[in-house]
Amino acid sequence: MKILTGNSNKLLSEKISKHLKTKLVNNNIKKFADSEIYVEINENIRGNSIFIIQSISSPANDNLMELLLCIDALKRSSAKNITAVIPYFGYARQDRKVVPRTSISAKLVSNLITKAGADRVVTVDLHAGQIQGFFDIPVDNLFATPIFARHIKKRIKNKNLICVAPDVGGVERTRALARKLDIGLSIIDKRRPAPGKSQVMSVVGNVGGKTCIIVDDIIDSGGTIVNAADALIKRGAKEVHVYITHGVLSGEAVKKIKKSKIKKLIITDSINNYDKLKNSTNIEVLSISNLLAEAIKRISNSTSVSDLFK
Ligand code: R5P
């Protein structure tokens with residue numbers, strides 16, 4: 001078994017390889033003057049099971065293309081089998097036609113990954129679990145919930161807690177965490193009047209006097225979470241802590257979070273935010289390297305991955 005990394009999140013790949021006590025495959029990814037991507041593998045990988053680690057994060061198009069070219073290079077180098085480990089599966093939010101005459105990018109990206117030659121996909125907190133069905137190869141969708149639950153138990157001492165789903169799409173994920181912590185659940189009715197804008201219509205459940213734990217898969221502009229925190233505090237919540245798997249953090253998101261009513265935002269390192277977070281005070285990063293390393297180990301040994309979440 002060997003591990004290869006793309007350029008999207010080398011820091012995470014290095015941590016994973018350290019957990020697995022293995023070196024990253026010697027490869028070379030560069031760009032031609034016209035911005036086309038070039039991939040070269042500098043060691044023999046014939047007959048090896050290869051795990052390629054690459055998030056489809058910003059710059060999403062370059063990172064996606066890198067992933068596809070790496071898979072293609074591996075296939076043409078006679079790898080025995082190829083697992084695409086995609087800590088952040090970008091393009092997943094366009095998973096159906098919300099209005100007529102739009103594309104379904106999640107399906108197209110799934111087709112591209114399969115067509116390039118991947119035999120299996122490992123990812124973390126897919127935007128919608130159903131995206132697994134867009135693939136005709138095995139997909140392991142891992143969850144950050146156990147990592148979040150451990151952090152909450154250790155760091156938040158207040159016992160009057162409630163888990164909050166920031167929109168209806170996040171209820172299943174939030175319920176899973178609420179069950180792990182054995183606490184109640186509240187749901188925010190969020191509307192999107194225009195792409196990139198969000199509005200809280202109402203909050204289902206009583207949050208008065210409670211410490212709220214908002215859970216979501218993605219924080220992008222930060223609008224959803226900042227508005228949700230405002231609405232919860234307005235309804236009498238004591239504090240708002242936020243746990244989000246993928247820190248997309250576009251534009252002014254980090255500044256917005258700093259100025260918001262959010263006590264602490266916890267994200268994972270599925271996306272490399274090292275530079276963006278240098279001056280942030282209320283954002284903490286938890287690593288999923290151990291989770292991914294364990295999943296890779298289990299896939300290589302043909303043992304159960306789902307047992308990781310029991
Ligand atoms: C939407 O369904 C997702 O789960 C996130 O809530 C959304 O992508 C967050 O976007 P933003 O931070 O821009 O409001």
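The values are calculated or read from the model by the stated rules, or taken from the named source; none is laboratory data. Source: prediction; values computed, not measured. No Cβ is skipped: glycine too gets one built from the backbone with ideal geometry, and neighbour counts run over all protein chains shown. In case anyone asks, the SASA skips ligands and DNA or RNA and just uses the protein heavy atoms, side chains included. Shrake-Rupley method; radii C 1.70, N 1.55, O 1.52, S 1.80 Å.
Go over the candidates 209, 251 one by one and state the one that is at pLDDT 95 or above, open to solvent by 50 Å² or more (accessible area, probe 1.4 Å) and not charged (D, E, K, R).
After applying the criteria, what remains is 251.
Just to be sure before I move on: is residue 115 out of contact with any Lys or Arg (no Cβ under 6 Å at 6 or more places or on another chain) and assigned by TED's automatic domain parsing to the domain that holds residue 218 in the structure I sent?
No, not satisfied.
Suppose we filter segment 208-224 for residues that are in a strand (DSSP E or B) and more than 16 Å from the ligand (Cβ to nearest atom); how many remain?
Number of matching residues: 1.
Considering only residues that are touching a strand residue (DSSP E or B) at 6+ places or on another chain (Cβ under 6 Å), within 11 Å of the ligand (Cβ to nearest atom) and among the aliphatic types (A, V, I, L, M), which ones fall in segment 225-255?
225, 228, 242, 244, 248
In segment 125-134, which residue that is surrounded by fewer than 17 Cβ atoms within 10 Å (Cβ to Cβ) and in contact with a strand residue (DSSP E or B) (Cβ under 7 Å, 6 or more places away or on another chain) is nearest to residue 181 (Cα to Cα)?
129
Give me the residue from segment 159-199 that is open to solvent by 90 Å² or more (accessible area, probe 1.4 Å) and under 15 Å from residue 210 (Cβ atoms) and, out of that set, nearest to the ligand (Cβ to nearest atom).
Ranking the qualifying residues of segment 159-199, first place goes to 182.
Could you say which residue among 17, 58, 8 is in the same structural domain as residue 79 (by TED's automatic domain parsing), surrounded by fewer than 18 Cβ atoms within 10 Å (Cβ to Cβ) and of a type outside the set (A, V, I, L, M)?
Going through 17, 58, 8 in turn, just one is in the same structural domain as residue 79 (by TED's automatic domain parsing), surrounded by fewer than 18 Cβ atoms within 10 Å (Cβ to Cβ) and of a type outside the set (A, V, I, L, M): 58.
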